[in-house]
Amino acid sequence: GRGGSSVVLKKLMETKIKSTSESADSGGFSFSINKPLIEDKTPTGRGGSSVVFANGKLVLFGGHYFNEGDKFEYLNETWLLDVEKLIWHKISCSGEIPGPRYGHSAQILGSRMFLFGGKGPNSIVYKDVYFLDLVEWVWVPVKAISASPLARFFHAAEVVGRKIVIHGGWDGSEVFNDTWIFNTDSFVWIQPKTTGFGPSARYGHTMTLTADGRLLLFGGMSFAESGMPKYNEDVRQLDTDNMIWTRPRISGHVPTGRYGHTSTLLSDGKIVVFGGWGKSGCQSRDLINDSRAYSLQILDTKTMVWYVPRKLGHKDLKHLYNHSACKASGSTVFFFGGFDGRQALCDFYTLNIE
């Protein structure tokens, strides 16, 4: 009778609730990963390099890796990947080539790629700014004509209009919590006054600009007072009009705390967060004992809901950290390099979100 069917319904509801809590909501999103075959010479494996995408070409700079003697090797090569022909070219640039480094930031504005900061050999940490002319392939040092940020690496950086905003980073001992804006036309740094509920000091986090002018900051590493590492999983947003920080209401399957991930905005207002290192290691449930940890997640910047997209196809998505990423087109992201917990890689991946 009726009583029986309501019991069945209740059971169904229970199992439904159970299954969704075990497998996170995909929000209807899926992804496919592709590792194109590149037959010619490729850059050596490296982490902490930068990539930007310009005119169908991927421009790679810097990075570091462990060499045979268990020492870090630091790089200042400029490479170009033609993504149509799948051929890497090592570019012989002229001008004043920046010192070898990793953990720097690189942003593209017009036909110039601006470089800031990073860490190099013998514990040197940089506070310099360069730009690479992507037409003539000339490196030009920028002499800042104002007070500028202290030297740092693994800061977060993002382009807003004709300016580059940076936040945080560290210099090997101090972790920063300051915000700076670099004007790429006048070469002036300013330190804007921000108010509100800002982030804690951190490094290895990301900042991503939404279409409606919010800078979304996610993740990164801090140190607790005990000196133990703290891996952040919070999202903060900076309104670029009034420079007020807020902590937005977030729902869905929040990623585990991590640093060294990448965050890439797609055309439809979704941010793809990939990779990262956190508590116990690579933040993937396949690699650590944490069922909440996923390599790839999506944040809908309109509703502020986190999703875990379903994987299509048989290709495995290798979990990376300190890799580099950039948007290729509406729903495609390019990944290069990074560490997998054992070694530095030189792989180039394309990710499609559907």
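The values are calculated or read from the model by the stated rules, or taken from the named source; none is laboratory data. Because the structure is a prediction, the values reported are computed rather than measured. Every residue, glycine among them, receives a Cβ derived from its backbone with ideal geometry; neighbour counts consider all protein chains shown. Ligands, DNA and RNA are excluded from the accessible area calculation, which covers all protein heavy atoms including side chains. Shrake-Rupley method; radii C 1.70, N 1.55, O 1.52, S 1.80 Å.
Using unit Cβ charges (K, R positive; D, E negative) and no other charged atoms, how large, in debye to the nearest 20, is the dipole of the chain about its Cα centre?
1040 debye
Tell me, what ³J(HN,Hα) does each residue in the stretch 271-285 have, in order and in whole Hz, if you take phi through Karplus 6.51 cos²θ - 1.76 cosθ + 1.60 with θ = phi - 60° and put x for Gly and Pro?
3J(HN,Hα) across the stretch 271-285, in whole Hz: 9, 9, 9, 10, x, x, 10, x, 4, 6, x, 4, 7, 9, 4.
Determine how large the accessible area of Lys85 is when every protein chain is in place; take a 1.4 Å probe and give Å² rounded to the nearest 10.
150 Å²
With a 1.4 Å probe and every protein chain left in place, tell me how much accessible area Leu216 has, in Å² to the nearest 10.
Its accessible surface works out to 10 Å², give or take rounding.
Using a 1.4 Å probe on the protein heavy atoms only, what accessible surface does Leu150 show? Give it in Å² to the nearest 10.
Roll a 1.4 Å probe over it and Leu150 shows about 100 Å².
With θ set to phi - 60° and the Karplus curve 6.51 cos²θ - 1.76 cosθ + 1.60, what are the ³J(HN,Hα) couplings of the stretch 138-153 in order, to the nearest whole Hz, using x for Gly and Pro?
Coupling constants for the stretch 138-153: 10, 8, 10, x, 9, 8, 5, 9, 8, 4, 10, x, 5, 4, 6, 9 Hz.
If you filter the stretch 59-127 for GluC sites (Glu not before Pro), then keep DSSP loop positions with at most 13 other Cβ within 10 Å, what is left?
When the GluC sites (Glu not before Pro) of the stretch 59-127 are filtered for loop state and at most 13 Cβ neighbours within 10 Å, Glu68, Glu84, Glu96 remain.
Mind listing P(r) for the stretch 25-79? All alpha-carbon pairs, 5 Å bins, whole percents.
Histogramming the stretch 25-79 at 5 Å steps yields 4, 13, 17, 19, 17, 11, 9, 6, 3, 0 percent.
Please report, in whole Å, how far the alpha carbons of the stretch 130-185 spread along each principal axis, starting with the longest.
Dimensions of the stretch 130-185 along the principal axes of its Cα atoms: 38, 24, 20 Å.
Tell me the carbon and sulfur percent of the accessible area for the chain, rounded to whole percent, probe radius 1.4 Å.
Summing carbon and sulfur atoms, their accessible area is 52 percent of the total for the chain.
Accessible area, 1.4 Å probe, largest first: how do Thr303, Thr256 sort?
Ranked from most to least accessible, the order is Thr303, Thr256.
In what order, largest first, do Ser186, Ser30, Ser226 sit by accessible area if the probe radius is 1.4 Å?
So the residues, ranked largest to smallest area, are Ser226, Ser186, Ser30.
Which label belongs to the value computed from this structure, given these candidates for P(r) over Cα pairs in 20 Å bins from 0, in percent: [x] 22, 44, 22, 12, 1; [y] 29, 58, 10, 2, 0; [z] 24, 43, 27, 6?
This structure yields the entry labelled [y].
In degrees between 0 and 90, to the nearest 10, how far off the longest principal axis of the chain does helix 2-22 point, with axes built from Cα atoms?
Tilt relative to the chain: about 20 degrees.
Could you give the accessible area per residue of the chain, probe 1.4 Å, as a whole number in Å²?
Counting only protein heavy atoms, the per-residue value for the chain is 47 Å².
Among the chymotrypsin sites (Phe, Trp or Tyr not before Pro) within the stretch 74-165, which fall in a DSSP loop and have no more than 15 other Cβ atoms within 10 Å of their own Cβ?
Here the sparse-neighbourhood loop sites are Trp137.
Size of the dipole of the stretch 125-248 about the Cα centre, Lys and Arg at +1 and Asp and Glu at -1 on the beta carbon, nothing else charged, in debye to 20?
180 debye
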